[in-house]
Amino acid sequence: MLSVDGLEAGYGRARVLFGVSLAVTEGQLVCVMGRNGVGKTTLLNTIMGVLPATGGTVTFEGRDVTRLKPHERVKLGMGYVPQGHETFPQLSVLGNLLVTLEASGNPQSALDDALEVFPRLKPLLKRRAGFLSGGQQQQLAIARALVTKPKLLILDEPTEGIQPSIILEIEEAIERLHASGIAVLLVEQYLDLALRLADRYVILDAGQVVHAGTAADLQGEEARRLLAV
Amino acid sequence: MEGFLNQLPIGLSIGAVLLLIALGLTFTFGQMGVINMAHGEFIMAGAYTAFLLQDWAGRSAVLVALPVAFVVAGLMGLLLERSVVRFFYGRPLDTLLLTWGVSLVLQQLARDLFGAPNVQVLSPEWLQGAVGPLPYNRLFIMVLAVGSVVAIWAYMNRSAQGRRMQAVMQNRQLAATSGINTGRVDQRTFFIGSGLAGIAGVGLTLIGPVGPTLGTYYIVDAFLVVVAGGLGQLRGAVIAAVALGLLNSYAEFWTNASLAKVIVFAVIIAFLQFRPQGLFVLRSRALT
Ligand SMILES: Nc1ncnc2c1ncn2[C@@H]1O[C@H](COP(=O)(O)OP(=O)(O)OP(=O)(O)O)[C@@H](O)[C@H]1O
Ligand SMILES: [Mg+2]
């Protein structure tokens, strides 16, 4: 469904990705891991078109999307939850969801479905998003991506800096979404969580894939060494 | 005391005009980081639109001109965005110089088309007269500004397009990856912002003559309103515009025109020492 081939990208003259290739097939959950600063966020941003690719291709459902704008990729079914539980801070929780719903052209039921995944948001709908706690903002961020009815959900460290009980809720939500048939590309630092969720994993180091395999392989010494856990 | 009272409608109506001009500037700056020096020429375009419509609409030209000037100035803004500005997003200095060049070209164009001397637009008969110290024409300008602010507020907070505009202003990258066509939102913002300058131009025909440099008189003050009010802030712009309009007219009343400018600048510089971010702040991000 998603296929990334030889992707290269960077910031100005500083190159960060040196030919990254990976694939997510229908309904699969693929976990991207790697130490801080190896280029995980850069990879996701390039996959979404926030950063231009200087080489390589991104293919989604058989279509070359390498040159498409981010909003065009969203239209095709790529949902993105960027790192750092980002929201539109001065809009209400409902406003955050509505603005995404309106841009997607989906029916109201898409918004209701997203709220079913995170029922904790329901009493907060009128609250300004900027006033929510980090965990609530992250739930809103994922709900907002769900409103676009993605076929592939791309998540960048959804559990970063969030308290354990909420992490559990987010993990369960991802698990349920995955079980419902949505493909997921997940950047995650917690090995335990990755092991529980992932069908396959990819380890990045210095802008390259240094290891890839099934979740079972991740138990091995080599993988642990690369993640320095 | 009577002088003091007479100065009030002058200050308020100038504040109203500044507000109309500043709204467009603050949106294009707050949302796209663009300092549009040609914005003043959209005011002029609006004023000349009213002038031209006189042939057809006579003394009602001002009324007819309001929607027409909005569209004319709006389209000019859109054209500027599509043909020049969009290639220089994220490079404010280049945009500033380029739009300044465009501004000079437009002024010369106006000279060629309408001649260098000022022209006059006759205001409708029903705007001649006054209630107490408040002339109807200045009252009309205030109503125009209040109406525009209410319309903009409703647009931003009650419509899907306005919500999208807010989203782009607050977090452009997130808006793009949430599926919002940010380019289209930028165009719309440019259109509306420029259109408001056109309306301001029509309003100005009620209180003075129209010339090729009409815009340059107001653009600096409008920029001051933007800076003092806080970028992209409706509330801030309203307060700053009224304050600046009043300050201007009273400083001019008690001293003279050039000393008044010095006073205004001094007050604003002092204010920005205390609140460099303006009256209100919006967390916004750079363009990528
Ligand atoms: N906007 C930017 N401009 C310049 N360099 C950047 C920018 N963003 C990231 N980098 C650099 O690119 C490299 C990869 O950063 P990236 O954010 O992709 O890492 P990451 O794997 O997501 O790290 P983390 O686990 O901390 O989120 C880093 O060396 C970083 O310094
Ligand atoms: Mg990252």
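With respect to B:Tyr48, determine if the residue is modelled with pLDDT of 95 or more and surrounded by 16 or more Cβ atoms within 10 Å (Cβ to Cβ). Outline the logic, then answer.
Details: modelled with pLDDT of 95 or more: yes; surrounded by 16 or more Cβ atoms within 10 Å (Cβ to Cβ): yes.
Answer is yes for this residue.
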**Message:** Suppose we filter region A:80-104 for residues that are within 7 Å of another protein chain (Cβ to nearest Cβ), surrounded by 24 or more Cβ atoms within 10 Å (Cβ to Cβ) and over 18 Å from B:Met156 (Cβ atoms); how many remain?
**Reply:** 1
**Prompt:** Which one is nearest to the other protein chains (Cβ to nearest Cβ) among residues in region B:162-195 that are under 24 Å from B:Val72 (Cα atoms) and β-branched (Val, Ile, Thr)?
**Reply:** B:Thr182
**Fill in**
Result of the Cβ filter at 8 Å on region A:42-61, keeping first residues that are touching a residue at least 60 places away in the same chain (Cβ under 8 Å) and more than 13 Å from ligand 2 (Cβ to nearest atom) and partners that are open to solvent by less than 10 Å² (accessible area, probe 1.4 Å) and part of a loop (DSSP other than H, G, I, E, B), at least 6 apart or interchain, is A:Phe60/A:Gly77; A:Glu61/A:Gly77
**Request:** Please note which strands (runs of 3 or more DSSP E) are completely contained in region A:17-128 and include at least 3 residues that are away from ligand 1 (no atom under 16 Å from the Cβ) and at pLDDT 95 or above.
**Result:** A:55-60
**Asked** Name the residues in region A:170-200 that are within 15 Å of ligand 1 (Cβ to nearest atom) and either assigned to a strand (DSSP E or B) or within 14 Å of chain B (Cβ to nearest Cβ) (or both), would you?
**Response** A:Leu185, A:Leu186, A:Val187
**Scope region A:137-169; condition in a strand (DSSP E or B) and within 16 Å of ligand 2 (Cβ to nearest atom); matching residues** = A:Ile154, A:Leu155, A:Asp156
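Please go through region A:157-169 and give me each residue that is away from ligand 1 (no atom under 16 Å from the Cβ) and open to solvent by 50 Å² or more (accessible area, probe 1.4 Å), ordered by number. Please lay out each step first, then the result.
The initial filter retains those residues of region A:157-169 that are away from ligand 1 (no atom under 16 Å from the Cβ), namely A:163-169.
Within region A:157-169, A:Gln163, A:Pro164, A:Ser165, A:Leu168, A:Glu169 qualify.
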**Item:** Selected residue (criterion: nearest to the chain's Cα centre (by Cα)) from residues of region A:67-79 that are more than 13 Å from A:Val50 (Cβ to Cβ) and more than 9 Å from chain B (Cβ to nearest Cβ)
**Value:** A:Gly77
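Being in contact with a His (Cβ under 7 Å, 6 or more places away or on another chain) and modelled with pLDDT under 95: is that true of A:Ala215 here?
It is false that A:Ala215 is in contact with a His (Cβ under 7 Å, 6 or more places away or on another chain) and modelled with pLDDT under 95.
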**Message:** Can you find, within region A:129-145, the residue that is farthest from ligand 1 (Cβ to nearest atom) among those that are within 11 Å of chain B (Cβ to nearest Cβ) and hydrophobic (A, V, I, L, M, F, W, C)?
**Reply:** A:Ala129
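Name the residues in region A:170-229 that are polar (S, T, N, Q), under 18 Å from the mean Cα position of the chain (by Cα) and more than 18 Å from A:Met1 (Cα to Cα), would you? I'd like the intermediate steps shown before the answer.
Let us first name the residues in region A:170-229 that are polar (S, T, N, Q), namely A:180, A:189, A:208, A:214, A:219.
This time we only want the ones that are under 18 Å from the mean Cα position of the chain (by Cα), so: A:180, A:189.
Selection gives A:Gln189 alone.
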**Request:** Name every residue in region B:103-154 that is surrounded by 14 or more Cβ atoms within 10 Å (Cβ to Cβ), under 17 Å from the mean Cα position of the chain (by Cα) and of a type in the set (Val, Ile, Thr), in order of residue number.
**Result:** B:Ile141, B:Val149, B:Ile152
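The values are calculated or read from the model by the stated rules, or taken from the named source; none is laboratory data. As the structure is a computational prediction, the values presented were derived from the model and not from experiment. Here Cβ is always computed from backbone atoms with ideal geometry, including for glycine, and neighbour counts include all displayed protein chains. All accessible areas refer to the heavy atoms of the entire protein, side chains included, with ligands and DNA or RNA removed. Shrake-Rupley method; radii C 1.70, N 1.55, O 1.52, S 1.80 Å.
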